[in-house]
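Worksheet: the structure to be examined is printed underneath.
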Amino acid sequence: MSPVFPGRYTAETNEPFVVFLIGMRFNKLLAVRKWLPATRAMPRMIEELYKQPELGLLHSEFYLGWRVIYSVQYWRSFEQLEAYSRSRDNVHLPAWQEFRRTVGDDGSVGIFHETYRVEPGSYECVYGNMPVFGLAHAATHVAVGKRNEAARQRMERLPG
């Protein structure tokens, strides 16, 4: 289990990064043969990305809801995310092609992704009494102090 850091912390980076949310919704719960292959593919992709950091993934976390499973990912750049998604040499593209072939537009499984480019000085976060979490995995985990006490200070922090 990850250690808890008592007090307040934030994440800092002077580099731009990408936040990528990707997931699926089980529209027809009994259509297991439709959604099971996709749920098995994502962990293989994440494992591949962690073994090859040059591909650009900084960190990924999974979340499970009633009908939705998704991942919040932090990437070095949109270009690296896009290159990974289109590469014939990696897990994603064959898995995506198989999904399109077996599920297509039949409505049994919903999919989504959202992509956000984030520049230094245009984000803020705070973690209270938490283990290293979220962006703090992809950036630098820093204690909150006088220079970054308020959300506005964290948001307006300039690179360097």
Name the residue farthest towards the positive end of the dipole of the stretch 17-117 from the options 50, 74, 94, assuming +1 on Cβ of Lys and Arg, -1 on Cβ of Asp and Glu, about the Cα centre.
94
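Mind sorting 101, 117 by how few other Cβ atoms lie within 10 Å of their own Cβ, fewest first?
Fewest-to-most ranking of 101, 117: 101, 117.
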Sorted by Cβ density within 10 Å, fewest first, the residues 111, 46:
111, 46
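In deg cm²/dmol and to the nearest 500, what is the mean residue ellipticity at 222 nm of the chain if only DSSP H runs of at least 4 residues count, each as -39500 (n - 2.57), divided by the residue total?
It lands at -9000 deg cm²/dmol.
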Could you please rank 89, 106, placing first whichever residue has the fewest other Cβ atoms within 10 Å of its Cβ?
89, 106
Among 140, 62, 110, whose Cα lies farthest out toward the positive end of the dipole of the chain, if unit charges sit on the beta carbon of Lys, Arg (+1) and Asp, Glu (-1)?
110
What percent of all Cα-Cα pairs in the stretch 37-84 falls in each 10 Å bin, counting up from 0?
24, 54, 20, 2
Can you list residues from other chains, or at least 5 along the same chain, whose modelled amide H is less than 5 Å from the amide H of residue 130?
5
In a GNM of the chain with a 10 Å cut-off on Cα contacts, which of 42, 130, 24 has the highest mean-square fluctuation?
130
Two decimals, Cα atoms only, Kirkwood Rh: what is Rg/Rh over the stretch 1-74?
1.06
Where the Cα atoms of the stretch 34-160 are projected onto their three principal axes, how long is each span, largest first, in whole Å?
55, 33, 23
Using a simple charge model, +1 on the beta-carbon of Lys and Arg, -1 on the beta-carbon of Asp and Glu, nothing else, what dipole does the chain show about its Cα centre, in debye to the nearest 20?
460 debye
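Taken together, the values in this text are just the output of simple stated rules run on the coordinates, not laboratory data. Keep in mind that what you see is a predicted model, and the values were worked out from it rather than measured. With ideal geometry, Cβ positions are generated from the backbone for all residues, glycine too; neighbour counts draw on all protein chains shown.
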